[in-house]
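**Student:** Before we start, here is the structure in question, set down as structure tokens.
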Ligand code: B1M
């Protein structure tokens, strides 16, 4: 008989096929789907996050773990109603205008979702006005911007200015990240936070949501 620990280990090891069989066994045994999510799948991602942060796991392995978690979620989502999983908060995330890099952004999204956030992925090459429209439409708690190019990082500045001009700045927290971004740059452009990797970005959001 599969255990919740087996599911966590599967997520950690990125065992995509095995996780489906294990989760199905637990469902068939009558284990509460929310328990399988929290104490199996998310528990596994909670082990992954610090290992990634400390450099003991690398990007491809983290992607495999996140994919494994999502495979398990696919079986469980139909069994629960929306209200059963309380969201920690809503975040919209996009890579700024002119920039097509999305691996780091996607990693961040997987981490945020696995840690209980509702995420709206705007995609890549997102113009200032598209961030503004998304804030109006989705009313997020946090806006996240990613940039990998020194030629596009100033788009974060113009996006913040546009959000301010539209009177939306006070309603949201803004976090930024990406290879060329620094804490100093974040302060210069008036972002609320910067983090150098996906794990610390989730921790940053946790702090913002409880502040
Ligand atoms: Co490009 N690229 N690239 N590239 N690329 C870099 C960024 C570069 C540093 C390579 C180099 O020259 N050494 C360089 C930028 C130089 C600079 O600006 N100073 C560069 C260049 C020049 C270019 C092109 C201009 C090349 C060309 O066409 N002449 C071109 C630009 C295209 C465009 O965007 N308009 C280009 C294209 C591409 C590919 C399409 C081939 C591909 C992107 C594929 C994709 O993303 N789907 C690509 C790749 C893969 C890279 C490198 C090799 C790897 C980036 C990556 O995915 N890293 C990169 C070199 C490098 O960074 N060492 C490079 C893995 C990823 C997990 O890390 O994205 O840093 P990263 O995300 C981290 C953190 O930064 C942070 O958390 C993530 C995980 O911990 N983070 C956030 C990221 N976003 C965050 C947001 C947050 C918080 C944290 O809050 C919201």
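The values are calculated or read from the model by the stated rules, or taken from the named source; none is laboratory data. Model, not experiment: these values are computed from the prediction. Quick reminder, even Gly has a Cβ in these numbers, built from the backbone with ideal geometry, and neighbours come from all protein chains shown.
**Student:** Which one of these is at pLDDT 95 or above, over 30 Å from residue 12 (Cα atoms) and either within 11 Å of the ligand (Cβ to nearest atom) or in contact with a strand residue (DSSP E or B) (Cβ under 8 Å, 6 or more places away or on another chain) (or both): 141, 121, 170, 125?
**Tutor:** Unique residue meeting the criteria: 125.
**Student:** Only residues that are in contact with a helix residue (DSSP H, G or I) (Cβ under 8 Å, 6 or more places away or on another chain) and within 16 Å of residue 134 (Cα to Cα): list them for the range 162-205, please.
**Tutor:** If the condition is that a residue be in contact with a helix residue (DSSP H, G or I) (Cβ under 8 Å, 6 or more places away or on another chain) and within 16 Å of residue 134 (Cα to Cα), then 162, 163, 166, 168, 169, 171, 172, 173, 174, 175 are the ones that fit.
**Student:** On the given criteria, is residue 153 within 15 Å of the ligand (Cβ to nearest atom), farther than 20 Å from residue 90 by Cα and buried (at least 21 other Cβ atoms within 10 Å of the Cβ)?
**Tutor:** Judged against the criteria, residue 153 is a match.
**Student:** Given 113, 128, 137, which one is crowded, with 18+ Cβ neighbours inside 10 Å, farther than 25 Å from residue 207 by Cβ and not assigned by TED's automatic domain parsing to the domain that holds residue 65?
**Tutor:** Exactly one of 113, 128, 137 is crowded, with 18+ Cβ neighbours inside 10 Å, farther than 25 Å from residue 207 by Cβ and not assigned by TED's automatic domain parsing to the domain that holds residue 65, namely 128.
**Student:** Please list, ordered by first then second residue, the pairs with beta carbon atoms under 6 Å, 6 or more apart or interchain, first in the range 95-112 and near the ligand (Cβ under 8 Å from one of its atoms), second assigned to a helix (DSSP H, G or I).
**Tutor:** 95/105; 107/198; 108/198; 108/201
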